[in-house]
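Below: the structure, in structure tokens.
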Amino acid sequence: MFSKKLFEQHFHAPPELVQPLQGQLGGSGRRIIRLAAGKLSAIGVVYEVREENVAFLEFSRHFRRHGLPVPEIYAEDLDHDAYLEEDLGDTTLFEFLLQNRAGDEIAPAAKEAYRKVLAILPRFQIEAGRDLNYKVCYPRASFDRQSIAWDLNFFKYYFLQLAGIPFNEQALEKDFGRLTRFLLTADREYFSLP
């Protein structure tokens, strides 16, 4: 496995722990594992879509140069679809919210976490977006009609249907059409987080 090789090359020690993380995190086919040796820890990713790996790696390095909170890229082997990045722990923002919520009541710690996230997002869009290399964007360089349709369908099929949330297909499609028309009137020259 190339993640193990990258770990050993970067840290000069073989990993003592190789732990798959939640099968495939997110909505992609990435294979994600935690590798550790003593106090050293990293996340290994293998994903067979080279263009998306190139975009992710370039954007990650770009955002770090701008002082934004993204994992550091330790090593990469694009010939084997693998890269190694900083391990930031186990808790996602969504999981943190779930842990700090009881029904409609959201704990102050969760509200504060969201405030911090919302405060930093414009720096990705405005500051770091000024000199971002949009030529490596994947799968499209602009958030156009096709990109909007892909995202809306992803929401429908991988959230609503999988979560068992009932919806009216025709009404949802009408809403998608209205949202698409509205979004296409806005300036789209900003970086968009996946």
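Name the residues whose placed amide hydrogens come within less than 5 Å of the amide hydrogen of D87, ignoring near sequence neighbours (fewer than 5 apart) on the same chain.
Under 5 Å from the amide H of D87: I43.
Relative contact order of the chain, please, whole-number percent, based on alpha carbon pairs below 8 angstrom and at least 6 residues apart.
16
Of all accessible surface on the chain at a 1.4 Å probe, what whole percent is carbon and sulfur?
56
Taking the Cβ of L88 as the center, what net charge do the other residues with Cβ under 14 Å away carry, scoring Lys and Arg +1 and Asp and Glu -1?
With Lys, Arg at +1 and Asp, Glu at -1, the net is -4.
Cα gyration tensor of segment 136-178, axes a ≥ b ≥ c as square roots of the eigenvalues: rounded (a/c below 1.5), prolate (a/b > b/c) or oblate?
Verdict is oblate for segment 136-178.
How many lysine pairs does the chain hold where the Cα atoms are under 28 Å apart and the two sit 8 or more places apart or on different chains?
Step by step, the pairs that qualify in the chain add up to 4.
I need the shape label for segment 1-135. Rule: rounded when a/c is under 1.5, else prolate if a/b > b/c, else oblate, with a, b, c from the alpha carbon gyration tensor.
In terms of gyration-tensor shape, oblate.
With an 8 Å Cα cut-off and a minimum separation of 6 or more residues, compute the relative contact order for segment 1-83 in percent.
27
Let me know the shape class of segment 41-112, please: from the alpha-carbon gyration tensor, a ≥ b ≥ c as square roots of the eigenvalues, rounded when a/c is under 1.5, otherwise prolate if a/b is greater than b/c, or oblate.
In terms of gyration-tensor shape, prolate.
The values are calculated or read from the model by the stated rules, or taken from the named source; none is laboratory data. Predicted, not measured: the structure shown is a model, and the values here were computed from it. Every residue, glycine as well, gets a Cβ built from its backbone with ideal geometry; the counts of neighbours run over all protein chains shown. Accessible surface is based on the protein model in full, side chains and every heavy atom, while ligands, DNA and RNA are left aside. Shrake-Rupley method; radii C 1.70, N 1.55, O 1.52, S 1.80 Å.
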